[in-house]
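Read the structure below first, then the notes.
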Amino acid sequence: MLYLTVGTGIGGGCIAGGRLLHGLLHPEMGHVRVPRVDAGPGICHAHGDCLEGLASGPAIAARGGDYGLAAEYLGLAVQNYACVLSPRMILIGGGVMKHAGMLGMVRAAAKRYMNGYAPLPVIRAPKFGQRAGTFGALALAVRGGKV
Ligand SMILES: [Zn+2]
């Protein structure tokens, strides 16, 4: 499964075979490139128009509050993550996802961009809502920092 948090930034993690994927460093899923569907600038200090630069909370604010456009970019990213990692489930949380209808818009965009090529994973909100980060930190502490 894969978890994405969409808030002041965009981050993500993936669990495969019961283990958190970790390599050279933690994954930087928010900084992937997605095809552009508009011409506006992105705000990432490093990349400009990476996913975080286009669909994070500050990016949405800088782009006139267009959550529909952010949902398009998140849907493109979800389609990419689904093709690369083939997770059974993608959980999407964070402050941006509290916007009414956002999860449905992301799910619809991902389905449209997948275009029937492969089944989409289940896409839903995290069970613990806005407390997911806190519970994740507690779970990590219980395991002595081992993931
Ligand atoms: Zn970036």
>> Cβ-Cβ under 8 Å, sequence separation 6+ or interchain: first residue in the range 34-45 and exposed (fewer than 14 other Cβ atoms within 10 Å of the Cβ), partner acidic (Asp, Glu) and assigned to a loop (DSSP other than H, G, I, E, B). Which pairs?
In response: 36/49; 41/49
> Any residue at all in the range 80-97 that is within 14 Å of the ligand (Cβ to nearest atom) and of a type in the set (Gly, Ala, Ser)?
Replying inline: no
> Within the range 64-73, which residues are free of Cβ contacts under 8 Å to residues at least 12 places away in the same chain and charged (D, E, K, R)?
Replying inline: 66
> Of all the residues that make up the range 74-98, how many are without any contact (Cβ under 8 Å) to a residue 40 or more places away in the chain and either charged (D, E, K, R) or surrounded by fewer than 17 Cβ atoms within 10 Å (Cβ to Cβ) (or both)?
Replying inline: 4
> Which of the residues spanning the range 83-103 are assigned to a helix (DSSP H, G or I) and touching a helix residue (DSSP H, G or I) at 6+ places or on another chain (Cβ under 7 Å)?
Replying inline: 95, 96, 97, 102, 103
>> So if I check each of 89, 114, 102, which one is at pLDDT 95 or above and within 22 Å of residue 19 (Cβ to Cβ)?
In response: 89
> Within the range 29-71, how many residues turn out to be farther than 17 Å from residue 96 by Cβ, part of a loop (DSSP other than H, G, I, E, B) and near the ligand (Cβ under 8 Å from one of its atoms)?
Replying inline: 3
>> Is it the case, given these coordinates, that residue 106 is buried (at least 19 other Cβ atoms within 10 Å of the Cβ), of a type in the set (Val, Ile, Thr), assigned to a helix (DSSP H, G or I) and in contact with a strand residue (DSSP E or B) (Cβ under 6 Å, 6 or more places away or on another chain)?
In response: no
> Tell me, which residue of the range 14-27 that is within 16 Å of the ligand (Cβ to nearest atom) and touching a strand residue (DSSP E or B) at 6+ places or on another chain (Cβ under 8 Å) is farthest from residue 123 (Cα to Cα)?
Replying inline: 26
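The values are calculated or read from the model by the stated rules, or taken from the named source; none is laboratory data. Remember, it's a predicted structure, so these values are computed and weren't measured experimentally. Don't worry about glycine lacking a Cβ; one is built from the backbone with ideal geometry, like all the others, and counts go over all protein chains shown.
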